[in-house]
1. Residue pairs, Cβ under 7 Å, 6 or more apart or interchain, first in segment 259-278 and on the phi < 0 side of the Ramachandran plot, second outside any helix (DSSP H, G or I). List them.
2. Filter segment 100-138 down to residues that are closer than 20 Å to residue 166 by Cα and assigned to a loop (DSSP other than H, G, I, E, B), then give me how many there are.
3. Would you call residue 249 at negative phi and surrounded by fewer than 19 Cβ atoms within 10 Å (Cβ to Cβ)?
4. Go through the residues of segment 98-121 one by one and say whether even a single one is over 20 Å from residue 188 (Cα atoms), in contact (Cβ under 8 Å) with a residue 40 or more places away in the chain and in contact with a helix residue (DSSP H, G or I) (Cβ under 6 Å, 6 or more places away or on another chain).
5. Take residue 192 and tell me if it is more than 25 Å from the chain's Cα centre (by Cα) and closer than 25 Å to residue 136 by Cβ.
6. Please pick out the residue among 76, 150 that is over 30 Å from the mean Cα position of the chain (by Cα) and more than 25 Å from residue 205 (Cβ to Cβ).
7. So if I check each of 152, 144, which one is free of Cβ contacts under 8 Å to residues at least 40 places away in the same chain, in the same structural domain as residue 93 (by TED's automatic domain parsing), within 19 Å of residue 123 (Cα to Cα) and surrounded by fewer than 24 Cβ atoms within 10 Å (Cβ to Cβ)?
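The values are calculated or read from the model by the stated rules, or taken from the named source; none is laboratory data. Fair warning: this is a prediction, and the values are worked out from it, not measured in the lab. Note: ideal-geometry Cβ built from the backbone for every residue, glycine included; neighbour counts use all protein chains shown.
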């Protein structure tokens, strides 16, 4: 079943949901342009610029950002803090749309400061809730939940509670994601109750959909369906296509699990019609996937194949890999049932490639078993209650034989024993499953430890070999070449040589001198003397200065908090990482400027290397990792750190590395 994830949509929708109205348009309307020309004061100009930015945010976020920034100056000159607050909120959401999360956080912090200046708790809550949206987009669920709960606490103490239903729905969705359906159910009920109290039918339907999903996760399927039936007429009244698509999808799922294929087909066709009205490719893909499932169950394989092919094309266009995983599995089943075993194998293989951990096994049998167990429990309770009533009746009239008493008691005992035996078997099965999962986790941890030991040995061996070679080159071959140079220099004064031969002799001495310098440079790079004597920061400073001397590009080196040295092995590994990154820039980036920055805060070290080169498509990294990047990743893994690479063609590359020292 699909849940209403209000926080997963674009910045424009989040703004509309949580925190300001947004007008959708392809270009800035002429009416706003005309109003801007005739604006009588700074406050009016700021408001019009704000409206202009909102009108193009969904289609031209860069243009929208420019308009929002233009709105700040007249708003500040007019001291219109209400307008300034909305501008910062929109700037933050626009940065989310542009995937610049750190800038979005700065925008929402500015909005929070203005709201506190206004002493407006509702607006403070809006800024806090939007901070939660940022961390949600950064996939930091824990931080997002922290901000959502903080916003809920603020709004619960306000008279104006209009945003609470939507926020409760967001919290419910996060809890469901974290597999906490009991807590999720609590917040879904809160969302429904608050929306009913406020008379907000849009939020009420969102809350009902999420409440239905919570019941479904708790295996209370009939309650889940009843809630959907309650939500459907309200969604039609709202004329909200997204709500209608979601409800039809979930009802179609319910009917499909119940094998009521006629009703399932009806709901899926309704879903397809609403998705077509929206023009949304993701929902069209989901609708076609649902239709393919229904036609497959109806044994109408040709129609199933048509719809699954359409779903695959649409999912590929929007890049929905999770959806594609299900599509490939259903396509494999359809081809297998049609006798096209070669194609079936190809699609099952594609599904495994996307994810070998999703959807293990078929879930329909488990749902049917859970439903059967649920019904058996109900019947057992009904039988016990009937027997109790019967015993009371027999006692009252005193007309029942000993045999009937024995029969009733035996039946009740059999039911109780069967129930206890079933419960014991189920508990043993769950315990065995938990033990198996724990064992797998231990095996995974042991394998990881084994890999770390191997990497440690490899890196230590590499550095020892580098140190030995550097010493041999510097002390052995370097000393030998210096001796040869000294001997040749002495011979020059004692030999009678023609001018031409003297020129050749001098060039030979120069070449020998150059060779000695190059030899010392290579030995130094293999194991810098400054690194062992004075530490990482000084070694990197000297290394970047040597690059600057070549004129290939300019390196700006910054270090903060590096006054105390870190562990020797870590220093060597970090030096090699930065050395490898700068070598990659020399080979591939065509950059003119590079920034290398080290920041140490308590036990945390951050490394940033940024260039203004030609950049590249980071989506290709998984398929085409070079030896350099592989070495960097293995060293980062050894340090138990995190490596992030951000790059776009023509916009340079930013590499961030963080780990504990």
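1. Within 7 Å, the pairs are 261/298.
2. Looking only at that region, the number is 1.
3. So residue 249 does not fit the description; no.
4. So far as segment 98-121 goes, no, none of its residues is over 20 Å from residue 188 (Cα atoms), in contact (Cβ under 8 Å) with a residue 40 or more places away in the chain and in contact with a helix residue (DSSP H, G or I) (Cβ under 6 Å, 6 or more places away or on another chain).
5. Here the answer is yes, as residue 192 does meet what is asked.
6. Only one candidate passes the filter, namely 76.
7. 152
Okay, residues lined up against (1) surrounded by 17 or more Cβ atoms within 10 Å (Cβ to Cβ); (2) out of contact with any helix residue (DSSP H, G or I) (no Cβ under 7 Å at 6 or more places or on another chain); (3) under 24 Å from residue 289 (Cβ atoms):
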site: 176; (1), (2), (3): yes, no, yes
site: 181; (1), (2), (3): yes, no, no
site: 189; (1), (2), (3): no, no, no
site: 204; (1), (2), (3): yes, no, no
site: 213; (1), (2), (3): yes, no, yes
site: 216; (1), (2), (3): yes, no, yes
site: 222; (1), (2), (3): no, yes, no
